[in-house]
Amino acid sequence: MKFNDLILQRYSVRRFKPALVAREELMKCIEAARLAPSASNSQPWHFVIADEPVLVQQLAKATFSSLVAFNKFVHQAPVIVALVIEKPKVITQIGAVIKKRDFPLIDTGIAAEHFCLQATELGLGTCMLGWFDQKKIKQLLAIPKNKTIGLLIAVGYPERAEPPVKKRKSLADIHSFNGYKKT
């Protein structure tokens, strides 16, 4: 698939078919994420893949509540991946302090998108989730208390055959050359 076609095909899937996802397919996504660049090659990530149905349902329940219901669709996903942020190399930690940048967040974002683009190429759908009960997710997945979960990724086969039309700002609204110019 050409890259532009791939990015047009990838979207945040919120309706999944009940079909299971083969671990072989998930490992291809992990391999794509493994190859992502990171500051000082720290690779500050660990992917915890939940594909056991009872566990997945418990995790899904930890992504919404009676007050916040926008993640209710997650219960349809046959797989939930937790992206745990690991400690980067010392040089990256020093650089982060000096430059006031959270390099591991940037790096895990890149790795997550590599994962999602590979999933799309394989015919899988994904949705990155930032809203969840971190304490509950850590407990369910035996993630140490001193670790941070950067995000969750719901994974499965999308219900819809074609991606929706992307609604994005115009090119003119998001760029300028040789200096900041907002139109």
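Throughout, read-outs are computed from the coordinates displayed, never taken from laboratory work. All of these numbers come straight from a predicted model, not from anything done at the bench. Methodologically, a virtual Cβ is constructed for each residue, glycine included, from the backbone with ideal geometry; neighbour enumeration extends over all protein chains shown.
A few remarks follow.
- Of all residues in segment 58-77 being over 18 Å from the mean Cα position of the chain (by Cα) and among the polar types (S, T, N, Q), the one that is nearest to CYS116 (Cα to Cα): GLN58
- Pairs with Cβ under 6 Å, 6+ apart, first in segment 101-125 and over 26 Å from LYS2 (Cβ atoms), second part of a strand (DSSP E or B) and not hydrophobic (A, V, I, L, M, F, W, C): THR108/GLY150
- Checking each residue in segment 143-173 for being part of a loop (DSSP other than H, G, I, E, B) and either of a type in the set (A, V, I, L, M, F, W, C) or surrounded by 10 or more Cβ atoms within 10 Å (Cβ to Cβ) (or both) picks out ILE143, LYS147, TYR157, GLU159, ARG160, ALA161, PRO163, VAL165.
- Yes/no for VAL74 being among the β-branched types (Val, Ile, Thr), touching a Phe, Trp or Tyr at 6+ places or on another chain (Cβ under 9 Å) and buried (at least 21 other Cβ atoms within 10 Å of the Cβ): yes
- Matching entry among GLY125, GLY95 (being over 15 Å from PHE16 (Cα atoms) and of a type outside the set (A, V, I, L, M, F, W, C)): GLY95
- Checked against the criteria, PHE64 does not count as within 22 Å of ARG14 (Cα to Cα), in contact with a Leu (Cβ under 9 Å, 6 or more places away or on another chain) and not in a helix (DSSP H, G or I).
- Here GLN57 clears all of (1) assigned to a helix (DSSP H, G or I); (2) touching a residue at least 60 places away in the same chain (Cβ under 8 Å); (3) surrounded by 13 or more Cβ atoms within 10 Å (Cβ to Cβ) except the condition numbered (2).
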